[in-house]
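See structure below.
The values are calculated or read from the model by the stated rules, or taken from the named source; none is laboratory data. Keep in mind it's a predicted model, so treat the numbers as computed, not measured. Ideal geometry is used to build each Cβ from the backbone, glycine not excepted, and the neighbour counts take in all protein chains shown. Each accessible area value is taken on the protein alone, full model and side chains, heavy atoms only, with ligands, DNA and RNA left out. Shrake-Rupley method; radii C 1.70, N 1.55, O 1.52, S 1.80 Å.
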Amino acid sequence: MRINALPSGNGFNFEISHAPEKSLARAGIISTPHGDIATPAFIPVGTKATVKAVLPETMKELGAQALLSNAYHLYLQPGSDVLDEAGGLARFMNWPGPTFTDSGGFQVLSLGVGFKKVLAMDAQTFRSDDVIAGNKERLAHVDDEGVTFKSHIDGSMHRFTPEVSMQVQHQIGADIIFAFDECTTLHNTRRYQEKALERTRLWGIRCLDEHQKLTLERSEKPYQALYGVIQGAQYEDLRKKAATDMAALRSTDPDSPIGFDGFGLGGALDKKTLGTILTWMNEILPAQKPRHLLGIGAPEDLFVGVENGIDTFDCVLASRIARTSAVYTMVGRNNLSNAINRRAFEPIDDECDCYTCAHYTKAYLHHVFRGKEMIAATLATIHNERFIVHLVDQMRAALIAGDYFEFKEQFMGRYKHLSGQARD
Ligand SMILES: [Zn+2]
């Protein structure tokens, strides 16, 4: 039995309980002031302090251990000061557990480039039209100090710097927060990737300084763990450099310099090389610190993440596709709107233990999707979130039992995969 061991005394800790030999995979527990997260774990996304269409109580019941929201969206609406006054994100949204916030870097930098595209932001070095959607206005501009952007809500101008991102995330009050970084795309030139990486490193130091200052100033608040973000696109030397740099990064306080509590692995990632790129970083990052893979959540990619040393994942894919009537099953994705489901008086997946599968048929879901009823999104989201949360739970159980690769072979032998990287 594990006693609440918090050597650092701040309420945040990571303890690895199982790490199979000859693999980067591990199972463990992240402790936060709002509770523990058994890892590996999938963290569902509630971008604007709500998992669209589903009650937080239901998210808890379906096994979600933590939720991830977005600093950029909450800063614009309702304002991070409102969340601060409400007692922080978890209390504000009636979520009885740990929370994460994404720093806003990705969202701010992707403004105006089309939401499904991964982005880049330097007017001089754009070399590909498909980085920016043709008819879209540029809404963000990056410089060494930070990013100036136009609100997608009302067109007002705002500026995010590493300091502002830390201030906003401290006000929001999630247990795990991310350093402000510059996300690039696979289309950027190598020269630009180097430049962006150095900028992210320098921003990392500024984030650590501001985080340390705010943690002291707000010492009555629960401790927030800060993760540094590793970029470097598809380049081995840049990914390795970023991992080495971020692991060594410290605040400038000469008396008690602090480092990152964990790491977020981000940026442009190609499905085919995902495992290799994760290995480059995770062989360098300190094993005792937790690692979060940003925006990845398709079943086949979760396996690649877990066996290459990822502890937590977030992705909007499960809930986003659910709202378009696409659901996961043990044999691949199914679309509930398809005519074949009209008289399918059976659950989405016989093997699923979710509330939707226990009480509703595909025929009913087909009917409510066709009729554009609100319950359609609720029921499909419950199923998809349970499917993904449970899949990663099963990976953890298999790691602990020592039969992870057997489990993977069994699952992937039946599952037909489709792609998916998605952040809101
Ligand atoms: Zn289900």
- Put +1 on the Cβ of each Lys and Arg and -1 on the Cβ of each Asp and Glu in the chain; which of L336, P56, V164 then has its Cα farthest toward the positive end of the dipole? L336
- HN-Hα J couplings of segment 185-200 from phi, Karplus 6.51/-1.76/1.60, θ = phi - 60°, integer Hz, Gly and Pro as x? 10, 5, 7, 5, 5, 4, 4, 5, 4, 5, 5, 5, 5, 5, 4, 5
- Message: Under 8 Å for C-alpha pairs, at least 6 residues apart: give me the relative contact order for segment 277-424, rounded to a whole percent.
- Response: 30
- Using per-residue counts of other Cβ atoms within 10 Å, averaged over each peptide, order 260-269, 91-100 from highest down. 260-269, 91-100
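What size of dipole, in debye to the nearest 20, comes out for the chain about its Cα centre when the only charges are +1 on Lys and Arg C-beta atoms and -1 on Asp and Glu C-beta atoms?
1220
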- Cα centroid of segment 321-385 to Cα centroid of segment 93-110, whole Å: 28
- Note on the structure: Asserting the computed 222 nm helical MRE of the chain (DSSP H runs at least 4 long, -39500 (n - 2.57) per run, divided by residue count, to nearest 500) equals -11000 deg cm²/dmol
- When the chain is treated as a GNM, springs tying every alpha-carbon pair under 10 Å, which of V368, V389, V168 comes out with the largest mean-square fluctuation? V368
- For T244, tell me the accessible area in Å² from a 1.4 Å probe, rounded to the nearest 10. 70
- Message: Name the residue from A363, I400, M412 whose Cα lies farthest towards the positive end of the charge dipole of the chain, charges +1 on Cβ of Lys and Arg and -1 on Cβ of Asp and Glu.
- Response: A363
- Message: Counting only protein heavy atoms and a 1.4 Å probe, tell me what percentage of segment 1-102's accessible area is made up of carbon and sulfur.
- Response: 53
